[in-house]
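Worksheet for the structure shown next.
Just so it is clear, none of the values below were taken in a lab; they were calculated from the coordinates. For clarity, every value in this text was computed on a predicted model and none was experimentally measured. All Cβ positions, even for glycine, are placed from backbone atoms using ideal geometry, and neighbour counts span all protein chains on display.
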Amino acid sequence: MKITITDKNGNTNDYEFRNKQKLTSLMIQNNLDEGFGICGGFLDCGTCHVVVESGGSTEKQADEQDTIDAFVFESYDNSRLGCQIKLDESWDGAKVKVI
Ligand code: FES
């Protein structure tokens, strides 16, 4: 399965992921994690903010939304936190942009 990621520098590439792999893990694996996910996935920073451009899911748990509201300067309806995204077949072919 593959996901298309546009990184902070505006580079867009496809990345293969394993079922149930966290988006943050995929970012680390591909050296896209500079300044990304600095709290380690504890919903305490908002540095893992991404926008889901297509595919995947923009559904958020209340605590994920709370963290976005508290830490993300400019958020959108399709904002997600990478540390809360568990990739599965519903994310195959999805596009996300790191903000
Ligand atoms: Fe800090 Fe996601 S890594 S909120």
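Could you say whether any residue in the stretch 33-50 is more than 16 Å from the ligand (Cβ to nearest atom), of a type outside the set (Ser, Thr, Tyr) and closer than 16 Å to Leu87 by Cα?
No, there is no match, as no residue in the stretch 33-50 is more than 16 Å from the ligand (Cβ to nearest atom), of a type outside the set (Ser, Thr, Tyr) and closer than 16 Å to Leu87 by Cα.
Across the stretch 62-83, which residue is farthest from the ligand (Cβ to nearest atom) among those that are polar (S, T, N, Q) and under 24 Å from Lys2 (Cα atoms)? Before the answer, list the steps.
Restricting attention to the stretch 62-83, the residues satisfying the condition of being polar (S, T, N, Q) are 65, 67, 75, 78-79.
In the following step, the residues that additionally are under 24 Å from Lys2 (Cα atoms) were identified as 78-79.
On the way: Asn78: 16, Ser79: 12 Å.
The extreme case among them is Asn78.
Is it the case, given these coordinates, that Lys86 is within 16 Å of the ligand (Cβ to nearest atom) and surrounded by fewer than 18 Cβ atoms within 10 Å (Cβ to Cβ)?
Yes: the conditions hold for Lys86.
Which condition breaks for Trp91 when tested against (1) in contact (Cβ under 8 Å) with a residue 60 or more places away in the chain; (2) surrounded by fewer than 20 Cβ atoms within 10 Å (Cβ to Cβ)?
Among (1) in contact (Cβ under 8 Å) with a residue 60 or more places away in the chain; (2) surrounded by fewer than 20 Cβ atoms within 10 Å (Cβ to Cβ), the lone unmet condition for Trp91 is (2).
So is Thr6 within 16 Å of the ligand (Cβ to nearest atom), among the hydroxyl-bearing types (Ser, Thr, Tyr) and under 13 Å from the mean Cα position of the chain (by Cα) or not? Give the steps one after another, and end with the answer.
Working: within 16 Å of the ligand (Cβ to nearest atom): no; among the hydroxyl-bearing types (Ser, Thr, Tyr): yes; under 13 Å from the mean Cα position of the chain (by Cα): yes.
For Thr6, the condition - within 16 Å of the ligand (Cβ to nearest atom), among the hydroxyl-bearing types (Ser, Thr, Tyr) and under 13 Å from the mean Cα position of the chain (by Cα) - is not met.
Quick one: in the stretch 70-99, which of the residues that are outside any loop (DSSP other than H, G, I, E, B) and under 16 Å from Lys20 (Cα atoms) is nearest to the chain's Cα centre (by Cα)?
Gly82
Residue-wise test of (1) in contact with a helix residue (DSSP H, G or I) (Cβ under 7 Å, 6 or more places away or on another chain); (2) within 19 Å of Ile28 (Cβ to Cβ).
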{"position": "Gly46", "(1), (2)": "yes, yes"}
{"position": "Thr58", "(1), (2)": "no, no"}
{"position": "Asp69", "(1), (2)": "no, no"}
{"position": "Ser79", "(1), (2)": "yes, no"}
{"position": "Gly82", "(1), (2)": "yes, yes"}
{"position": "Asp92", "(1), (2)": "no, no"}
{"position": "Lys95", "(1), (2)": "no, no"}
